[in-house]
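Asks: I'd like to ask you about the structure that follows.
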Amino acid sequence: MTTENGSGGPPRRLRHRIPVSLRQHWPLVAVFCAFVLVAATVFGSTRVRPYITGNASVIASEITENIAGSVDFFDAEQDHTVNLDFSQSDYDRMIAAYQDEGEKEWITADVTVDGTLITDVGVRLKGNSTLMGLRGGTGGPGGMQMPELPEGMELPEGMELPDGMELPDGMGLPDGMEIPEGFAPPGGGGPGGMVSLSADDPTSLPLLIRFDKFVEGRAYQGMTELSVRPGSPVLNEATALSLTAESGQATQRYSYATYSVNGGATQTRLLLEHPDDGYANSLFDDPGVLYKADANSSFTYQGDDQTTYADQFTQVNGQGSQDLQPIISFLKWMDGASDDEFAAHLSDHVDVESFARYVATQNLLVNSDDMAGPGRNYYLWYDLGTKKLTVVSWDLNLALSSNSTAGPHDSIGMGGMGGPPGAATTDVPTADTAGEPQQRGPRMGGQRQEQGAPVQQGGPGRQGAPAMGGGGMRSGNALKERFLASGAFTGIYENAYRELYEQLFASGRAIEILDEIADSVPTSDSLTADALAEQVETLRTRLQARTDALADHEVIVG
């Protein structure tokens, strides 16, 4: 018999089949196995959250099916149609989930875009304060809580609300309060961006359409998500988006379409690309990471634990290679920086020139719900090369709907009935007084916060808590407040403001853009040509008033 070792001797013992190196170091192997066993026993039920901070690459989601469609959806010279189809039972379940639990559940639908059918897309409700009416609340724009008036109070005799405007159940106007003659909601929504929503009319609801929700890797013309905006025709938002793009700043593409649900009556709707992985990775020339601020976020340092910020900032791209550390590191620095340190080193952390243009643009557009508004509407871009943050505007539905006379250093409040919208609430030094002692922070009820005092959190009129100002609600943002309050950045801000005013308003470009947009807005069962023309004229008047109000301002004339 031939033996295993070929020598005719007995077979090798089993231990000899183990490599010599392992036999020599068996105690180490035994210790390792024991450690694995203990770890599995002790930590088996513990959730582990990996944090990745060092890799400078960005992982892009792969699109395996890119539906070309019939025409470019963002070609304003083309007529566009969007038709949604979903079951009534699924829709009822989606509405019930939001009304009962506040959850935005996805349902399956088919959507036809410009004649191209895409089956099994995901659809859910979109928005925060906009949707509050569906839950029986009295929500206003940007998270503003509408006050309940005394029981029995109603509109003065003979007074009527404008078409399409409704007050919450049990709410009326105080005696003697009147809606201005000729009042018309800017751009087709309610005053200050309010819109009328009804669960009985699915076409009235803001929705998010997601092409890859149930079919992985699918996109439509490179987009995985499309946002259906409420209201019609919301010319103010479209104009604000176009003006932002005209200035060279990052923004979102949009298109108007004739819109219907389950073959019902058509509506005129504005649809926006919703920032996704592809949007983020094509936003700037250099690689970076995009983060969305949640409506309930606080732009404050709350420790180094990333889980604390997970529900406040959503990372749009780079999952698996990047995380929230850039935001946390900046907030930590800002929290500990004195005013002098802030002025000297902000440019190490933030693209200051870009930020000055962002802040100036929001003022020019009298947008009361930007990064400092109740809705915290902004994205943060972190450039992996420069290691600096850039603010990207988002959700401009309240732009061009507040006080047209607000100056470059005025705070924009939630305009609306009941007070002068957008009245000045902040004093910021001009270039001529940059060397003098300066006030810092918002002025609330005539109170000022002296330069050098810390930005406090959570109290009335302070960052972190909504406060009344300019006839409405507003919140705050420490970065924006400290930037505007620092004389070191006044010149940069005023130069940006002056350049943007000349480019967009003094040149007449804003009104030209409005007219271009008007030509692309389709009529529908809900929007007649006459109604559209009236809305265009209303916004044209507002744009001209904004231009005239700033023409002789000291910041503009120098």
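Asks: Neighbouring Cβ atoms within 10 Å as the yardstick, rank Thr81, Thr307 fewest first. If you can, show how the numbers build up before the last one.
Replies: Details: Thr81 15, Thr307 11.
Sorted ascending by nearby Cβ count, the order is Thr307, Thr81.
Asks: Rounded to the nearest 0.05, what FRET efficiency do Ser507 and Ala529 give with R0 = 25 Å and r taken as the Cβ-Cβ distance? Could you check?
Replies: The computed FRET efficiency comes out at 0.30.
Asks: What whole-number distance in Å separates the alpha-carbon centres of segment 482-508 and segment 276-354?
Replies: 24 Å
Asks: For a 29 Å ceiling on Cα separation, which of these pairs sit above it: Lys292/Lys387; Lys213/Lys332; Lys126/Lys480; Lys292/Lys332?
Replies: Values: Lys292/Lys387 18 Å; Lys213/Lys332 36 Å; Lys126/Lys480 27 Å; Lys292/Lys332 19 Å.
From Lys292/Lys387; Lys213/Lys332; Lys126/Lys480; Lys292/Lys332, over 29 Å: Lys213/Lys332.
Asks: Right, something else. Apply the Karplus curve 6.51 cos²θ - 1.76 cosθ + 1.60, θ = phi - 60°, to the phi angles in segment 287-301 and return the couplings in whole Hz, x for Gly and Pro.
Replies: Using θ = phi - 60°, the values come out as x, x, 10, 10, 10, 9, 7, 7, 4, 9, 6, 10, 7, 9, 6 Hz.
Asks: In a shell of Cβ-Cβ distance under 10 Å around Ile209, excluding Ile209 itself, what net charge do Lys and Arg (+1) and Asp and Glu (-1) give?
Replies: Values: positive: Arg124, Lys126, Arg210, Lys213; negative: Glu225.
So the environment of Ile209 carries a net charge of +3.
Asks: So for Phe342, Phe214, fewest C-beta neighbours within 10 Å to most, what's the order? Spell out each step's value before the answer.
Replies: Values: Phe342 21, Phe214 14.
Going from least to most buried by this count: Phe214, Phe342.
Asks: Can you put Leu550, Leu235 in order of Cβ neighbours within 10 angstrom, beginning with the fewest? Mind showing how you got there, number by number?
Replies: Numbers: Leu550 23, Leu235 27.
Listing Leu550, Leu235 from fewest to most nearby Cβ atoms yields Leu550, Leu235.
Asks: So for the pair Ser87, His345, with labels modelled 7 Å out along Cα→Cβ, what separation do we get in nm?
Replies: Using points 7 Å along Cα→Cβ, the separation is 5.9 nm.
Asks: So, one more: Sorting check: for 273-285, 238-250, which peptide has the highest mean count of neighbouring beta carbons within 10 Å, and how do the rest follow? Before the final figure, lay out each step's value.
Replies: Values: 273-285: 18.5, 238-250: 21.1.
The densest-packed peptide leads the list: 238-250, 273-285.
Asks: Assuming R0 = 25 Å, what is the FRET efficiency of Glu537 and Glu246, from their Cβ-Cβ distance, to the nearest 0.05?
Replies: On the way: r = 22 Å, r/R0 = 0.86.
About 0.70, to the nearest 0.05.
Throughout, read-outs are computed from the coordinates displayed, never taken from laboratory work. Since the structure is predicted, the reported quantities are computational estimates derived from the model, not experimental observations. Ideal geometry is used to build each Cβ from the backbone, glycine not excepted, and the neighbour counts take in all protein chains shown.
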